[in-house]
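Structure, as structure tokens:
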């Protein structure tokens, strides 16, 4: 499965697109696989309780997704970190 990452996540992964094989074919499984493959992503993705930060957006096939959303291997998955603006 290929996941597109944006913002500061890209500086951690070193690439706009990363390939993963999550054990669980859900957004939660994708996030867990990303965290395992790129431990430095933790501070960008999850809070101190290990929950996905509310400001992080995951989009699957063009639709905003929750941690329980199905994520088949051919899904178009995009991960957006918290954005700061002013």
Response to the item:
Restricted to region 1-11 and to residues being closer than 21 Å to residue 47 by Cα and surrounded by fewer than 19 Cβ atoms within 10 Å (Cβ to Cβ), the residue farthest from the chain's Cα centre (by Cα) is 11
Worksheet item: In the list 23, 33, which residue meets the criterion of being exposed (fewer than 12 other Cβ atoms within 10 Å of the Cβ) and without any contact (Cβ under 8 Å) to a residue 60 or more places away in the chain?
Response: 23
Worksheet item: Counting just the residues of region 17-43 that are touching a strand residue (DSSP E or B) at 6+ places or on another chain (Cβ under 9 Å) and in a loop (DSSP other than H, G, I, E, B), which one comes out nearest to residue 4 (Cα to Cα)?
Response: 20
Worksheet item: Across region 3-13, what is the number of residues that are modelled with pLDDT of 95 or more and farther than 17 Å from residue 57 by Cβ?
Response: 0
Worksheet, complete the sentence: Here the residues within region 65-86 that are over 15 Å from residue 6 (Cα atoms) and in a strand (DSSP E or B) are 70
Fill in: Within region 46-81, considering residues that are in contact (Cβ under 8 Å) with a residue 40 or more places away in the chain and closer than 20 Å to residue 8 by Cβ, the one surrounded by the fewest Cβ atoms within 10 Å (Cβ to Cβ)
80
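The values are calculated or read from the model by the stated rules, or taken from the named source; none is laboratory data. Bear in mind the structure is a predicted one, so any value in this text is a computation, not a measurement. Don't worry about glycine lacking a Cβ; one is built from the backbone with ideal geometry, like all the others, and counts go over all protein chains shown.
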